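Asker: Here it is, the structure in full.
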Amino acid sequence: MSKVVFITGASSGLGLTTALYLQKKGYKVFGTCRNPSQYEKHYPFTFLTLEISDSKSIQSCIKSVLDQTGGRLDVLINNAGVGITGPIEEIQLSAVKQHFQINCFGPLEIIQAVLPKMREQGEGLIINITSIASDFGLPFRGPYSASKGALERMAEALRMETQSFGIRICNIAPGDFISNIAERRHNVFLNKDSPYFKTYQFNLDQMNEHVDNGIDPKEIAKKIESLINTLNPKVRYKVGAPLQKLSGILKSLLPSRIFEKLLMNHYKL
Ligand SMILES: NC(=O)c1ccc[n+]([C@@H]2O[C@H](COP(=O)([O-])OP(=O)(O)OC[C@H]3O[C@@H](n4cnc5c(N)ncnc54)[C@H](OP(=O)(O)O)[C@@H]3O)[C@@H](O)[C@H]2O)c1
């Protein structure tokens, strides 16, 4: 029987590419987004409605998968997520809370919803799509780095808690990949007289350029498929350009002031 894969955020970018890739490889794929009617005609896998910041939506979405598979769910890919940028002083706290709801608390709630079934099955795989940006607090992306880092720490703990039940948990931390993340991203609006205006604008332009020049998301899809077929995956995999993958290693090797100086030079701060 084909393995059942449930992937959030399958209408675009990394999620869509992965859903199509796995469907083609013979997996039974359920992908989510907020407005399936916009996409379901165009793609061969099953679309389900999910608003990740809404508990009821999460519960009914998982129930719908289990109803359609005779109660089976083999792989959860916690992929849906959004970006947020801005100087921390000027980001509204409500926006940060909403951001954590989508990038951290929602994915956590989905994990809690699937664990009982995976325990009952005596097996299951959970993959969180986090970010290389969770290796350190990136200027003007503090809440994003923090939300992804928080999800990673949670998964590290959960992995040890659930290993004896046959459940495998890991994080994939991507670098820059071509997707629509820049269009969905919440960018703080700054007045021209903001003390951060110039440096923020420069960094925002750089971020958009990096995504546009990113890697083909198929690399993520291939990594995910290889992990589905790995008996004992590592806790974290970085997938991205060599320099981006190196940055976390540099942080652990270099004296903190030097690493910070490198980052500040890079971001022209
Ligand atoms: N692209 C990169 O360079 C990169 C780098 C590091 C990490 N990542 C991570 O990779 C994941 C996928 O991002 P992407 O680059 O593929 O972005 P994307 O093209 O914007 O796709 C985001 C997906 O998440 C869904 N989504 C957004 N907000 C949602 C909400 N409130 N409730 C439910 N679904 C929601 C979107 O569905 P709707 O149709 O409902 O909007 C869409 O399917 C994210 O977690 C992102 O942080 C991406």
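Asker: Fully extended, how many nm does the chain gain between LYS25 and LYS218 (0.36 nm per residue separation, minus their Cα-Cα distance)?
Answerer: Using 0.36 nm per residue and subtracting the Cα-Cα distance, I get 68.2 nm.
Asker: Using 0.36 nm per residue, how much length does the chain from GLU183 to SER226 gain when fully extended, once their Cα-Cα distance is taken away?
Answerer: Here the answer is 12.5 nm.
Asker: How far apart, in nm, are the 7 Å Cα→Cβ label points at ARG153 and ASP54?
Answerer: Between ARG153 and ASP54, the simple spin-label model gives 3.1 nm.
Asker: I would also like to ask the following. Looking at the range 228-269, I'd like the Rg to Rh ratio, where Rg is from alpha-carbon atoms and Rh is Kirkwood's inverse mean 1/r.
Answerer: Value, to two decimals: 1.16.
Asker: While we're looking at this one, here's another question. Determine the gain in length on full extension of the stretch SER2-LEU108; use 0.36 nm per residue of separation and subtract their C-alpha separation, reporting nm with one decimal.
Answerer: Contour length minus the Cα-Cα distance gives 35.6 nm.
Asker: How far, in degrees from 0 to 90, does helix 55-68 lean away from the longest principal axis of the Cα atoms of the chain, to the nearest 10?
Answerer: For helix 55-68, the angle is close to 40 degrees.
Asker: For LYS234 and HIS210, what is the calculated FRET efficiency with R₀ set at 22 Å and r taken between the beta-carbons, to the nearest 0.05? Mind dumping the intermediate values first?
Answerer: On the way: r = 26 Å, r/R0 = 1.17.
Computed FRET efficiency for LYS234 and HIS210: 0.30.
Asker: Next question, about the same structure. How big is D, in µm² s⁻¹, for the range 132-183 by Stokes-Einstein at 25 °C and 0.890 mPa s if Rh is the Kirkwood radius over C-alpha pairs?
Answerer: So the translational diffusion coefficient is about 196 µm²/s.
Asker: Ok, one more. Dipole size in debye (nearest 20) for the chain around its Cα centre, Lys and Arg Cβ +1, Asp and Glu Cβ -1? Before the final figure, lay out each step's value.
Answerer: Numbers: 32 positive and 24 negative charges, 100 e Å.
Value, rounded to 20: 480 debye.
Asker: Tell me, what is a quarter of the convex hull surface for the C-alpha atoms of the range 29-136, in nm² with one decimal?
Answerer: On the way: hull surface 33.6 nm².
Here the figure is 8.4 nm², rounded to one decimal.
Asker: Rounded to two decimals, what ratio of Rg to Rh does the range 138-269 give with C-alpha atoms and a Kirkwood Rh? Write down the numbers at each step before the final one.
Answerer: Working: Rg = 17.4 Å, Rh = 17.2 Å.
Ratio of gyration radius to Kirkwood radius: 1.01.
Asker: If you build a Gaussian network model of the chain, linking Cα atoms that sit under 10 Å apart, which residue out of SER194, SER131, SER64 swings the most?
Answerer: SER194
Asker: Something else: Using a 7 Å offset from Cα along Cα-Cβ at LEU246, what residues in the range 199-219 end up with backbone N under 18 Å from the label point?
Answerer: In the range 199-219, the label zone of LEU246 (backbone N under 18 Å from the point 7 Å along Cα→Cβ) covers 215.
Asker: Right, something else. When the chain is treated as a GNM, springs tying every alpha-carbon pair under 10 Å, which of LEU76, LEU246, LEU138 comes out with the largest mean-square fluctuation?
Answerer: Looking only at LEU76, LEU246, LEU138, the largest GNM fluctuation is found for LEU246.
Asker: Another question about this same structure. Can you pull the semi-axes for the chain, root of five times each eigenvalue of the Cα gyration tensor, sorted largest first, whole Å?
Answerer: 32, 20, 17
Values quoted throughout were computed directly from the atomic coordinates according to the rules given, and no laboratory measurement underlies them. Keep in mind the model is a prediction, meaning the values are calculated, not measured. Glycine also receives a Cβ, built like all others from the backbone with ideal geometry; neighbour counts cover every protein chain displayed.
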